Amino acid sequence: MEEQDVKQPQIEAQLILSVSTPQTGTRAEETTLTGKDVENECRNLTLFIMNADGSGIQDYSVRGDNLQNKSLIFNIETSKGQKKIFVAVNMSDAQIAKIKEATDHNPALTISNITDITADNNFLMTGQAVTEDGNKTINIEAEKTTKVKATLTRVVSKVLLTCSTKENNDKYVKLIQDNGYIRLDNVHYVLDTTNKKFFPFTKPSNEDPNFNMSKTDASDFFSATNKPKNEETAVKYDANRVQEGANKYTEGLYCLENTFSVNQEDLTHAKEIATYLKIAAKFTPKNIDGSQNLSEANANNKLTDGTFYTCKKAPDNAKYMCYSSIQNGIDYLKSTYNMIVDNEDFTTHAGGWQYYEAFVNSPVFSDRANIVRNNYYIINITSFTAPLLEKTIEVNTIIRSWTIKGKTTIDVEIGNNN
């Protein structure tokens, strides 16, 4: 008897994908916020179908506008048996090729700029198909239709800075002490130390390619190149906007997820690899050159381009006082406190700008810290303090699931024609 060819026969399978789901609002008590239309747009949908062991990978793509509102049909040739199916939205040809080439089909990918995966409505989203009972291994049989579904998540997250404002005037942010003025539109922020690398498909414990903190290099991250005062403007904190609704928050900056295993014995390295905000706020002091409780206009009249000075050696009861010049400070401290100081004892606050930092999600006391993909991090500065105080800002971070309006779930029907 001649030796039989053991290659599995190919069958035709039809995959019907519905990427349209009811665009209903989330209930107010639920902690999710849907994305903007540009963050939900689907222009290119790709299926990766492979054997359960990762061999025999095939890819099929459909391109067009508003694919999230259409039913898509894929006619493919594959073998019977156990399969794994992955879904990607808005993935480039180069990224598709790298996934097919990689042994585990989930290689570390690198971006040159966050706009690589967010610009032109091309937000990259991925997911893995599962059976109706949640099994990731999908059995394709002849003459049988198998229903599977895939939940999509964006590979990026979004970070927004908000400020609590004064109750009687929401143009100004709250201060712990009523010793000056910070206008809301004079609070700006930028993200620093954001990841350059990501895995296209979520890892079981949300690991990113730089997860091992001790082996991570600073060159794997983007650093903020501009001063925060020239960047994004903070917005007013409103608890109602943290909930789903017509006026929900949508603003913010995008970044890749950034997770890592923290060595509790050495947290000095954490800042080098943890994503955090650099914040700038323009402060106009009320107390200048011995005058107290000045109006904002009168205070600005005393200053040159908003610049003021503080004395590092000032006694506790004079720490609230600022000066329009170093010489005025020297004279005031000598006449009022009989204290001798010199130029080196003063700090210059050029333009009145104060600079702060805040981790997006503090890495301390967490073993998988910082940013997880497809979440919306709303950071609220509840109050600012004046210069020279040890505690500078009080921060509260709110994390919301960032759902994909219109196509949270993809339903796939696999029907074999044999």
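Kindly evaluate residue 226 against the criterion of being among the polar types (S, T, N, Q) and closer than 23 Å to residue 170 by Cα. Here the answer is no, as residue 226 does not meet what is asked.
Yes/no matrix, rows are residues, columns are (1) buried (at least 16 other Cβ atoms within 10 Å of the Cβ); (2) outside any strand (DSSP E or B); (3) not acidic (Asp, Glu):
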| residue | (1), (2), (3) |
| --- | --- |
| 74 | yes, no, yes |
| 94 | no, yes, yes |
| 105 | yes, yes, yes |
| 112 | no, yes, yes |
| 130 | yes, no, yes |
| 134 | no, yes, yes |
| 142 | no, yes, yes |
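All of 218, 274 fail the test of being farther than 22 Å from residue 188 by Cα and modelled with pLDDT under 90, apart from 218. In segment 353-373, of all residues being modelled with pLDDT of 55 or more and of a type in the set (Phe, Trp, Tyr), the one that is farthest from residue 154 (Cα to Cα) corresponds to 353.
For segment 221-262, name all the residues that are in a loop (DSSP other than H, G, I, E, B), farther than 17 Å from residue 191 by Cβ and modelled with pLDDT under 80. Across segment 221-262, the qualifying residue is only 262. Under 30 Å from residue 54 (Cβ atoms), touching a strand residue (DSSP E or B) at 6+ places or on another chain (Cβ under 7 Å) and surrounded by 14 or more Cβ atoms within 10 Å (Cβ to Cβ): is that true of residue 194 in this structure? It is false that residue 194 is under 30 Å from residue 54 (Cβ atoms), touching a strand residue (DSSP E or B) at 6+ places or on another chain (Cβ under 7 Å) and surrounded by 14 or more Cβ atoms within 10 Å (Cβ to Cβ). Considering segment 221-254, and only residues there that are within 18 Å of the chain's Cα centre (by Cα) and of a type in the set (D, E, K, R), the residue that is nearest to residue 375 (Cα to Cα) turns out to be 251.
For segment 263-362, the strands (runs of 3 or more DSSP E) that sit wholly inside it and include 2 or more residues that are among the charged types (D, E, K, R) and in contact (Cβ under 8 Å) with a residue 60 or more places away in the chain are 276-282. Cβ contacts < 6 Å: first residue in the same structural domain as residue 97 (by TED's automatic domain parsing) and farther than 15 Å from residue 122 by Cα, restricted to segment 58-71; second residue in a loop (DSSP other than H, G, I, E, B) and at pLDDT below 70, any location; separation 6+ or different chain. Result? From residues that are in the same structural domain as residue 97 (by TED's automatic domain parsing) and farther than 15 Å from residue 122 by Cα, the pairs are 69/20. Could you say which residue among 314, 274 is of a type in the set (A, V, I, L, M, F, W, C), in the same structural domain as residue 173 (by TED's automatic domain parsing) and more than 18 Å from residue 178 (Cα to Cα)? Criteria check complete, one pass: 274. Report, ordered by the first and then the second residue, all pairs with beta carbons closer than 8 Å, sequence separation of six or more or different chains, a first member in segment 77-93 that is under 20 Å from residue 143 (Cβ atoms), and a second member that is surrounded by fewer than 14 Cβ atoms within 10 Å (Cβ to Cβ) and hydroxyl-bearing (Ser, Thr, Tyr). Close Cβ pairs (under 8 Å, with a partner that is surrounded by fewer than 14 Cβ atoms within 10 Å (Cβ to Cβ) and hydroxyl-bearing (Ser, Thr, Tyr)) amount to 82/137; 83/137.
The values are calculated or read from the model by the stated rules, or taken from the named source; none is laboratory data. Predicted model only: the values in this text are computed from it and were never measured. For neighbour counting, all protein chains shown are included, and Cβ atoms are generated from backbone atoms with ideal geometry for every residue, glycine included.
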